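To start, the structure itself, in structure tokens.
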Amino acid sequence: RGGSRTAAGPARDPRWTQLPTDLPTRVTALGVQLAGRASSRSAAVEAVDDYLRANESYDLDAPLPAPGDDAVDDFLFVSHQGFCEQFATAAVVLLRSAGVPARLVTGYAFGDTASDPGRRIMRGSDAHAWVQVWYPGVGWVSSDPTASASSPALLPVVPSATPAVSPSVATTPAVSPVSR
């Protein structure tokens with residue numbers, strides 16, 4: 001997470017800071033409050049991650065927002081319950097609100113290395129969502145805001161100018177509604 005770069009821009013591609021035009025103002029305001037005044041990009045990420053871990057709880061049976069309600073707004077201000085997709089989506093939206101280039105990543109993390117030495121066995125329970133933040137001169141760096149998440153030992157740091165992730169990871173450039 002290191003680095004002393006400023007939290008906002010430059011965004012090498014504007015799609016990594018895009019937000020829905022109908023995003024509730026209080027979501028944007030919270031993002032600016034948490035990450036907008038950070039002295040570095042890593043401090044912005046840490047502020048958002050810490051906030052989510054302290055104020056939201058992990059629950060695989062979290063309630064769905066009412067039809068027409070914004071999923072991130074509902075998670076942050078109404079239900080305060082969610083699973084990795086809600087935590088990661090909220091983190092991306094909060095960071096982007098402060099001008100920090102971020103993307104949602106889904107795939108498999110962790111796995112079982114004890115059952116078969118030299119191999120990593122991935123199960124459905126290893127499905128996960130996390131965040132990647134763009135650091136100029138470094139590339140995409142992974143962060144996991146999910147409360148009670150295990151250490152993201154598998155999550156890559158991609159030191160290239162081209163956005164890339166491991167083959168088992170899918171990326172989403174724009175924030176979309178969270179669903180189960």
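The values are calculated or read from the model by the stated rules, or taken from the named source; none is laboratory data. Every value quoted in this text rests on a predicted model; they were computed, and no experiment measured them. Neighbour counts are summed over all protein chains in view; Cβ atoms, including those assigned to glycine, are modelled from backbone coordinates with ideal geometry. These area figures cover heavy atoms from the full protein model, side chains too; ligands, DNA and RNA do not enter into them. Shrake-Rupley method; radii C 1.70, N 1.55, O 1.52, S 1.80 Å.
Please go through region 12-42 and pick out each residue that is crowded, with 17+ Cβ neighbours inside 10 Å and hydrophobic (A, V, I, L, M, F, W, C).
Trp16, Leu23, Val27, Leu30, Leu34, Ala35, Ala38
Given the structure, is Ala54 of a type outside the set (Ser, Thr, Tyr), without any contact (Cβ under 8 Å) to a residue 24 or more places away in the chain, open to solvent by 50 Å² or more (accessible area, probe 1.4 Å) and not in a loop (DSSP other than H, G, I, E, B)?
yes
Each row is one residue, and each column tells you yes or no for (1) surrounded by 15 or more Cβ atoms within 10 Å (Cβ to Cβ); (2) assigned to a loop (DSSP other than H, G, I, E, B); (3) under 12 Å from the mean Cα position of the chain (by Cα); (4) modelled with pLDDT of 75 or more.
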position	(1), (2), (3), (4)
Ser115	no, yes, no, yes
Pro145	yes, yes, yes, yes
Ser148	no, yes, no, no
Ser166	no, yes, no, no
